[in-house]
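Scroll down for the structure; my scribbles are underneath it.
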Amino acid sequence: MVKIGIIGATGYVGAELLRLLLSHPKVEVAALSSVSFEGQEISNIYKNFLSKTNLICESAHDVVEKCDVIFTALPHGLSEDIAKKALDNKKVCIDMGADFRLSSEKEYEKWYGKKFTQPEIHTESVYGLPELNRNKIKECSLIANPGCYPTTIELGLMPLLKNSLIKLDNIICDSKSGTTGAGRGLTLNTHFPEENETFAPYKVGAHRHTPEIEETLSVMAEDKVNVTFTPHLLPINRGIVSTIYCIPRDKVNLEEIHKLYTEFYKDERFVNVLPLGDTASIKNVRLTNDCHISLHLNHREDQIIIISTIDNMIKGAAGQAIQNMNIILGFNEAEGLNLIAPAF
């Protein structure tokens, strides 16, 4: 059994990783770490783990020493030194934060206010969107797990960009997320009275996922892509829906676009292109590693509208990380991720 460690195990993403990994048939969760709860059993913090595991939160150093694969579920700026130690000890590190998502240190400093602390290992990292970089992931020991919003947008646009079918300078990405995306720490805008029975955008024109989205879409297009990205908070726990507006280079036929998407994703276990006339919904991907995509045209038939939905905690975080782990370890990609959304 491959020994797994989670650093940052008591945040929402860390707890979701643990929940999924405890049911994975080919790995053993051997160690957990949490600065805030060091020395405490995880089941005292999250009661859903009662009788499922008696693991105690310990130091990050101990997790790296004990484990073969280390997941870092930490705020930005805290994963690089851990990743360096993991690589030096021939371990695999899958970072759930933002530390390795941007290739440019200048862009990272602009958006996150920090420089790289271990610049030499950034060239070893691979952006962990399996549908884009599967072959690179197979050979890698340091994965930058994608952000949740970027995952919906990148999967939604990849077939069009790979086939040079849309203009690259006026893509609008209008995204809505459940509040778990903000993390476990309390903030005013996720406080129940502030978020319940309302719906509003936040970080308008300045969200940190913007450079990640633009960089990855530019790789797909092999040209510079600019987006307008506006996130919103929904008064729900989990799920993301992104509505993406783009202008085709030439007149398009929706049936042909649908055929392109269906063919492009036909071998992808976790990407489902819905029949024409259906609309992707958070409900149908909740608690799964799936992405649902629906395709539409506006009434003038001069704008393509893509709707892309995921569970932000699974395909947008923990599930995609496990998918990357499965690829690296040579397991079936769906191992531990054969999840079906509740019907209601």
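Give a quick list of trypsin sites (Lys or Arg not before Pro) in segment 102-159 that DSSP marks as loop, anything other than H, G, I, E or B, with at most 16 other Cβ atoms within 10 Å.
Passing sites in segment 102-159 are Lys114, Lys115.
What number, in percent, do you get for the relative contact order of the chain if the mean sequence gap of Cα pairs under 8 Å and at least 6 apart is divided by its residue count?
17
On a straight-distance basis, which lysines could pair with Lys251 in a cross-link, Cα separation under 21 angstrom, same-chain partners fewer than 8 positions away excluded?
Hits, sequence-local ones excluded: Lys162, Lys167, Lys259.
Sort Asp290, Asp68 by Cβ crowding within 10 Å, fewest neighbours at the top.
Asp68, Asp290
Measuring from centroid to centroid over Cα atoms, what is the spacing of segment 126-184 and segment 290-327 in Å?
First find each Cα centre; the distance between them is then 9 Å.
Let a ≥ b ≥ c be the square roots of the eigenvalues of the Cα gyration tensor of segment 1-83; is it rounded (a/c under 1.5), or, if not, prolate (a/b larger than b/c) or oblate?
Oblate.
Sort Met220, Met313 by Cβ crowding within 10 Å, fewest neighbours at the top.
Met220, Met313
Add -39500 (n - 2.57) for each DSSP H run of 4 or more in the chain, then divide by its residues: what number comes out at 222 nm, to the nearest 500 deg cm²/dmol?
-8500 deg cm²/dmol
Mind listing which trypsin sites (Lys or Arg not before Pro) in segment 36-70 are in a DSSP loop and have 16 or fewer other Cβ atoms within 10 Å?
Lys52
For the chain, give me the percentage of DSSP beta bridges that are antiparallel, rounded to the nearest 5 percent.
45
Below 8 Å, C-alpha to C-alpha, sequence gap of six or more: please give me the relative contact order for segment 2-124 in percent.
So the answer I get is 23 percent.
By counting other Cβ atoms within 10 Å of each Cβ, how are Glu256, Glu80 ranked from fewest to most?
Taking fewest neighbouring Cβ atoms as first place, the list is Glu256, Glu80.
Which residue, Ser218, Ser79, Ser125, tops the fluctuation ranking in a GNM of the chain built on C-alpha contacts under 10 Å?
Ser218
Reachable lysines from Lys115, Cα under 19 Å, same-chain residues fewer than 8 places away excluded?
Lys84, Lys85, Lys106
A short reminder: the numbers here are calculations on the coordinates, not readings from a lab. Bear in mind the structure is a predicted one, so any value in this text is a computation, not a measurement. Cβ coordinates were reconstructed from backbone atoms using ideal geometry, including for glycine residues, and neighbour counts include every protein chain displayed.
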